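The values are calculated or read from the model by the stated rules, or taken from the named source; none is laboratory data. What you see is a predicted model, and the numbers here were worked out from it, not measured in a lab. Cβ: placed from backbone, ideal geometry, glycine included. Neighbour counts: every protein chain shown. Remember, those area values only see protein heavy atoms, side chains included, never the ligands or the DNA or RNA. Shrake-Rupley method; radii C 1.70, N 1.55, O 1.52, S 1.80 Å.
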Amino acid sequence: MDQRAVRSDGTVIDVTVSVACYRAGHQVQFIITSLLDITERRQAQRELEQHRQHLEQLVGQRTQELLQAK
């Protein structure tokens, strides 16, 4: 699952959290949790979405121009 986390220096980052529970029978032996910093990936996704929206606007504008030119 993806979450926001705060580093010790106060920086907020995006992370993917993974949890694994190891059991012996019905008893939990130990739990492993890992966090993967995905901040750069999230930023790239946001930028791509902004570019996609901008391109859709340009296509819409050009379509209107072509329809008006007929």
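Quick notes
- Selection status of residue 60, within 29 Å of the chain's Cα centre (by Cα) and surrounded by 10 or more Cβ atoms within 10 Å (Cβ to Cβ): yes
- A Cβ distance below 7 Å, combined with a sequence gap of six or more or placement on separate chains, defines the contacts here; from region 14-40, residues that are assigned to a strand (DSSP E or B) reach residues that are of a type in the set (Lys, Arg) and open to solvent by 100 Å² or more (accessible area, probe 1.4 Å) in the pairs 14/4; 29/23.
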